[in-house]
Amino acid sequence: MPRKINHIRKFPNHKTSYRLVSVYIDGIRRQRFEHRLIMEKYLGRPLLRTEIVHHKDENGLNNSIDNLEITNQSYHMSYIHDGERRKWSLEKAVKLRKMGYSFEKIGKIFNVTGGSIQRVFKRKGLGTNNPRWGNPKWNVKLCIDLFEKQIPMNRIARRCNVSPPTIRQYLIKNGYKN
């Protein structure tokens, strides 16, 4: 049976806090979020790791069952938070980056971390100019020319200083076939 402890965990990025309680699982004391335990008891089953318990009023300490609903991560991020998938515009971020803004400055403009913006740039294959991630400005034209000459992908990757999956993804996205 859960035993309440007066411990609140704060999440500054989410601008909310959640209450933790102690429970014994297989004789070992663990801390769990109270809202997840309440939802599990209501449903009569353990929650899946992929299930998110959302607070409708966005107050993480209001754990009444009427205030809780189950969602998945995708729905939670895209619809619950401001009805948008992302709180900032990638197109605007790219324009700001081309104007010479740092990721930190762009992040402050959109009220997110600079690292979040940098990760999206990397995932979308946009240049980050970060030496830690290697040379982001690879020669796409050279890679396509080599691909059309039927050079093996690993040789193209070495020549262009890019990983084979990066080249493959770019080629598939742009309609090139093996």
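The values are calculated or read from the model by the stated rules, or taken from the named source; none is laboratory data. Keep in mind that this is a model prediction, so the values were computed, not measured. With ideal geometry, Cβ positions are generated from the backbone for all residues, glycine too; neighbour counts draw on all protein chains shown.
For the range 153-178, what are the residues that are outside any helix (DSSP H, G or I) and in contact with a Ser or Thr (Cβ under 8 Å, 6 or more places away or on another chain)? Give the steps one after another, and end with the answer.
Within the range 153-178, the first condition is being outside any helix (DSSP H, G or I), and the residues that meet it are 161-163, 174-178.
Residues satisfying the conditions do not exist here.
Being touching an Asp or Glu at 6+ places or on another chain (Cβ under 8 Å), in the same structural domain as Ile8 (by TED's automatic domain parsing) and not β-branched (Val, Ile, Thr) narrows it down to one of Leu43, Leu68, Leu61, Leu20, so name that one.
Leu20
Only residues in the range 53-75 that are under 15 Å from Leu20 (Cα atoms) count as the first member; pair them with residues that are part of a helix (DSSP H, G or I) and of a type in the set (Lys, Arg), Cβ under 7 angstrom, at least 6 apart or cross-chain, and list the lot.
Val53/Arg36
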